[in-house]
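Trainee: Please see the structure below; I have some questions.
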Amino acid sequence: MSRIQACFEQLQSAGRKALIPYVTAGDPYADITVDLMLGMARAGADVIELGVPFSDPMADGPVIQKASERALAKGVTLVRVLEMVKAFRTQNDSTPVVLMGYANPVERYDQRHGPGRFAQDAAEAGVDGVLIVDYPPEEAQDFTRELQRYGLDPIFLLAPTSTESRIRAVAEIASGYVYYVSLKGVTGAGTLDTEAVAQALPRIREHVKVPLGVGFGIRDAQTARAIADVSDAVVIGSRLIQLIESQPHEKVVGTAVTFIRDIRRALDA
């Protein structure tokens, strides 16, 4: 049983919902990520999504795009991201970590280090799941098998525009959880319609049997609570990055911890 599956089963037995914060590795400071991850876990994060910096993150809005740019400018590569996860694991062996990013860094990693090395090295570093935004399920069969070979959960996106056939395709190969994109747009864009999310999820649950997390547009405790009422997990990224991006080094972790604790209290209320 993967750490992700075990986490969701424990939450379900306790009648609680998962809180999944997203941060970009190496942002806002290259040396802050491990402490930031540890702080968020202590504050109540159940799973941590760690963004792999990429120069052309087409699914992300300005906030996360700029976070990637800042991290790349500091020399944060996929190799360094895996080192961060490994360092996190020396102090936390229970909180699942999901790498979220794009195909290019992963494919370049395998070109440089050998076929299949990304999955192997990610597993050895302590990664639990991988979400590659631009790998649709129809084109990710080989990659999915490689992840599963090393015990990693392949995580996929679904959206309001997803067809019945796409939902079925994701249901066949996804594990860990499925990430439902609540908005037609990029991260941090638009106003979240919680009623629309509530109406969309039952159609997905007809096929998808792993937990459903919802992200894009969740910015505060009230919205998080409303989404938690209809989903298994709440994913928050852009708002968290906005809060920490301009903080001095010594205040980054504390700012994130305060925000995560507020969301956690709302979910458990």
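Trainee: Quickly run through the stretch 87-118 and pick out the residues that are in a helix (DSSP H, G or I) and either of a type in the set (Asp, Glu) or at pLDDT below 95 (or both).
Mentor: Initial filter on the stretch 87-118 (in a helix (DSSP H, G or I)): 87-89, 103-113, 117-118.
Within the stretch 87-118, Glu107, Asp110 meet the criteria.
Trainee: Using beta carbons and a limit of 9 Å, which pairs, at least six apart or on different chains, have the first residue in the stretch 101-120 and touching a residue at least 40 places away in the same chain (Cβ under 8 Å) and loosely packed, with under 15 Cβ neighbours inside 10 Å and the second one of a type in the set (S, T, N, Q) and in a helix (DSSP H, G or I)?
Mentor: Partner pairs satisfying both residue conditions: none exist.
Trainee: Given the conditions (1) in contact (Cβ under 8 Å) with a residue 60 or more places away in the chain; (2) out of contact with any strand residue (DSSP E or B) (no Cβ under 8 Å at 6 or more places or on another chain); (3) surrounded by 21 or more Cβ atoms within 10 Å (Cβ to Cβ), report the number of the one that Gly217 does not fulfil.
Mentor: Against the list (1) in contact (Cβ under 8 Å) with a residue 60 or more places away in the chain; (2) out of contact with any strand residue (DSSP E or B) (no Cβ under 8 Å at 6 or more places or on another chain); (3) surrounded by 21 or more Cβ atoms within 10 Å (Cβ to Cβ), Gly217 comes up short only on (1).
Trainee: Continuing with the same structure: Just checking, does the stretch 68-83 include any residue being without any contact (Cβ under 8 Å) to a residue 60 or more places away in the chain, buried (at least 21 other Cβ atoms within 10 Å of the Cβ) and among the small types (Gly, Ala, Ser)?
Mentor: Checked the stretch 68-83: at least one residue is without any contact (Cβ under 8 Å) to a residue 60 or more places away in the chain, buried (at least 21 other Cβ atoms within 10 Å of the Cβ) and among the small types (Gly, Ala, Ser).
Trainee: Being in a loop (DSSP other than H, G, I, E, B), of a type in the set (Gly, Ala, Ser) and under 22 Å from Phe8 (Cα atoms) narrows it down to one residue among Ala30, Ala45; which is it? Spell out how you get there, then give the answer.
Mentor: Numbers: Ala30 fails: under 22 Å from Phe8 (Cα atoms).
The unique qualifying residue is Ala45.
Trainee: Can you work out which of the residues in the stretch 228-255 that are without any contact (Cβ under 8 Å) to a residue 60 or more places away in the chain and in a helix (DSSP H, G or I) is nearest to Pro211 (Cα to Cα)? Show your work before the answer.
Mentor: If we filter the stretch 228-255 for residues that are without any contact (Cβ under 8 Å) to a residue 60 or more places away in the chain, which is where we start, we get 229-230, 239, 243, 248, 250-251, 255.
Keeping just the survivors that are in a helix (DSSP H, G or I) gives 239, 243, 250-251, 255.
Numbers: Arg239: 23, Leu243: 28, Glu250: 36, Lys251: 34, Thr255: 29 Å.
Across the stretch 228-255, the extreme among qualifying residues is Arg239.
Trainee: Further question on the same structure: Of the conditions (1) surrounded by fewer than 22 Cβ atoms within 10 Å (Cβ to Cβ); (2) more than 20 Å from Phe156 (Cα to Cα), Asp56 satisfies every one except a single condition; which number is it?
Mentor: Here Asp56 meets the rest and fails (2).
Trainee: Considering only residues of the stretch 42-86 that are closer than 22 Å to Asp121 by Cβ and of a type in the set (Gly, Ala, Ser), which is modelled with the lowest pLDDT?
Mentor: Ranking the candidates gives Ser55 first.
Trainee: Of Ser231, Ser175, which residue is over 23 Å from Val34 (Cα atoms), touching a strand residue (DSSP E or B) at 6+ places or on another chain (Cβ under 7 Å) and surrounded by fewer than 21 Cβ atoms within 10 Å (Cβ to Cβ)? Walk me through it before giving the result.
Mentor: On the way: Ser231 fails: surrounded by fewer than 21 Cβ atoms within 10 Å (Cβ to Cβ).
Unique residue meeting the criteria: Ser175.
This table checks each residue for (1) buried (at least 22 other Cβ atoms within 10 Å of the Cβ); (2) β-branched (Val, Ile, Thr).
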residue	(1), (2)
Pro202	no, no
Val210	no, yes
Leu243	no, no
Ile263	yes, yes
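Trainee: Could you please find all residues in the stretch 126-161 being over 17 Å from the mean Cα position of the chain (by Cα) and touching a residue at least 40 places away in the same chain (Cβ under 8 Å)?
Mentor: Gly151, Pro160
Trainee: Hey, another quick one. Tell me which residues, restricted to the stretch 95-118, are in contact with a helix residue (DSSP H, G or I) (Cβ under 7 Å, 6 or more places away or on another chain) and within 21 Å of Ala41 (Cα to Cα).
Mentor: Thr95, Pro96, Val97, Leu99
Trainee: Go through (1) over 20 Å from Ile263 (Cβ atoms); (2) crowded, with 24+ Cβ neighbours inside 10 Å and name the single condition Ile4 misses.
Mentor: Going through the list (1) over 20 Å from Ile263 (Cβ atoms); (2) crowded, with 24+ Cβ neighbours inside 10 Å, Ile4 breaks only (1).
The values are calculated or read from the model by the stated rules, or taken from the named source; none is laboratory data. Keep in mind the model is a prediction, meaning the values are calculated, not measured. Ideal geometry is used to build each Cβ from the backbone, glycine not excepted, and the neighbour counts take in all protein chains shown.
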